[in-house]
1. Sorted from largest to smallest, which semi-axis lengths in Å does the alpha carbon gyration tensor of the stretch 18-133 give for its equivalent ellipsoid, taking the root of 5 times each eigenvalue?
2. Aspartates and glutamates within cross-link reach of K114: Cα-Cα under 19 Å, excluding same-chain residues under 8 positions apart?
3. Given labels modelled 7 Å from the Cα in the Cβ direction, how far is it in nm from N128 to E38?
4. Lys and Arg at +1, Asp and Glu at -1: add these up for the other residues within a Cβ distance under 13 Å of I43 and post the number.
5. Of the listed pairs K32/K107; K26/K84; K27/K61, which have alpha-carbon separations greater than 25 Å here?
6. Just the number, please: percent antiparallel of the DSSP beta bridges in the stretch 18-133, rounded to the nearest 5.
7. Pull out the extension gain between D110 and N70, defined as 0.36 nm times the separation in residues minus the alpha carbon to alpha carbon distance; nm, one decimal.
8. Can you tell me the relative contact order of the stretch 57-112? Whole percent, Cα pairs under 8 Å, sequence separation 6 or more.
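Derivation of every value follows stated rules applied to the coordinates shown; laboratory data play no part. Model, not experiment: these values are computed from the prediction. Reconstructed Cβ throughout: ideal geometry from the backbone, glycine too, with neighbour counts over all protein chains shown.
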Amino acid sequence: MKKILIFFLCFLLCACNNETSSFERKKISFDKIFQIDEEMYYIFFYLDGCLACRNIVLYLKEISALIKENIYSVDLLECSFAEKNESNIGVSENEKLYIPYAPYILKIIDGEVKEELAGYQAIRENDNFFSQFS
């Protein structure tokens, strides 16, 4: 049993080594968040090396295959945020965003944040956040 557990852990570490960067093809810079020419899209904030972020990327890969909208990723370390605020709902400018930690996802509709989810558990438990399920 111990050997199986060790094998499984090694497999996870190797398989997930660079999962976060798998969204590299849709990686955007912080200053481009509100410049995307789409009616609705998602912004995923992550940190390299963050275990919760890696696990959410696996989940987002599944979701992105089911929804029509794009999910873009932004490295949290490349961002500069506003002072702490209660919520990002209604924000339409980078300078007013406040993202306290990763993983964090914003749903942007018509250039304005309409919904947000913070943390692994919140993202995993809110399938209706993604348009296909709402």
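1. Gyration-tensor ellipsoid for the stretch 18-133: 19, 16, 14 Å.
2. Cα-Cα hits under 19 Å: D31, D37, E38, E39, E69, E86, E93, E95, E125, D127.
3. 2.3
4. -3
5. Details: K32/K107 15 Å; K26/K84 27 Å; K27/K61 14 Å.
Distance filter (> 25 Å) returns K26/K84.
6. Roughly 65 percent of the DSSP beta bridges within the stretch 18-133 come out antiparallel.
7. Contour length minus Cα-Cα distance gives 13.0 nm.
8. 27
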